[in-house]
Amino acid sequence: DIYNLIDARKLTAADYERSLSNDGSYQSQHPELFAPNKVVFLDGVKQSTLNGDAGYHESLVHPGMFAHDHPKRVAIIGGGEGATLREVLKHDTVEKCTMVEIDELMVMTSHKYLKEWSDCSDIVGSAEW
């Protein structure tokens, strides 16, 4: 399950609604700061959140990648959201990356609803999926 949640301790519904307007307010000029947090649950257990995605996957991938002097081939076991793959592809030495995921539904759901997790548009040479 995927939910869009607004943390009432950090944001108000009014700020979120204002971020969707074009009224020139701070909120409307910076809607990314007031967007709901996407939260992924599998079998009722929280698995991932958009707001925590980058730091988690960066710390998961980059230490291992930098520990190798010239990583060419990478295997990802799991990673259906695509965020681990996104981080691996930031290393220009990678020639081949294979991701093995047993949950095809998670891959397809992520592709459709969690595009931010696997967005590689800032990587030079990146192609559309």
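No lab work stands behind these numbers, since they all come straight from the coordinates. In this text, all values refer to a predicted model and were calculated from it rather than measured experimentally. Glycine gets a Cβ as well: all are built from the backbone with ideal geometry, and neighbour counts include every protein chain shown.
Placing a pseudo-label 7 Å from each Cα along the Cα-to-Cβ vector at M108 and H68 gives an inter-label distance of 3.1 nm. Among D119, D53, D103, the largest mean-square fluctuation in a Gaussian network model of the chain (Cα springs under 10 Å) belongs to D103.
Against the chain, whose longest principal axis comes from its Cα atoms, helix 104-113 is set at around 40 degrees. Taking every alpha-carbon pair under 8 Å whose residues sit at least 6 apart, the stretch 1-91 reaches a relative contact order of 21 percent. Here K10 is the anchor, and the lysines within straight C-alpha reach of less than 23 Å, apart from those fewer than 8 places off in the same chain, are K38, K46.
Please identify which residues in the stretch 72-112 have an amide N closer than 19 Å to a label point set 7 Å out from the Cα of S59, following the Cα→Cβ vector. Label zone hits: 79, 83-88.
What share of the DSSP beta bridges in the chain is antiparallel, in percent to the nearest 5? If you can, show how the numbers build up before the last one.
Values: 8 of 13 bridges.
The antiparallel fraction comes to roughly 60 percent.
In the chain, which longest range has no trypsin sites (Lys or Arg not before Pro) that are both DSSP loop (not H, G, I, E or B) and surrounded by at most 11 other Cβ atoms within 10 Å?
Between exposed loop sites, the widest span is 11-71.
Extent along the principal axes, Cα only, for the chain: 49, 34, 26 Å, with the longest axis given first. The gain in end-to-end length when the Y16 to K96 segment is fully stretched comes to 24.7 nm, 0.36 nm per residue minus the alpha carbon separation.
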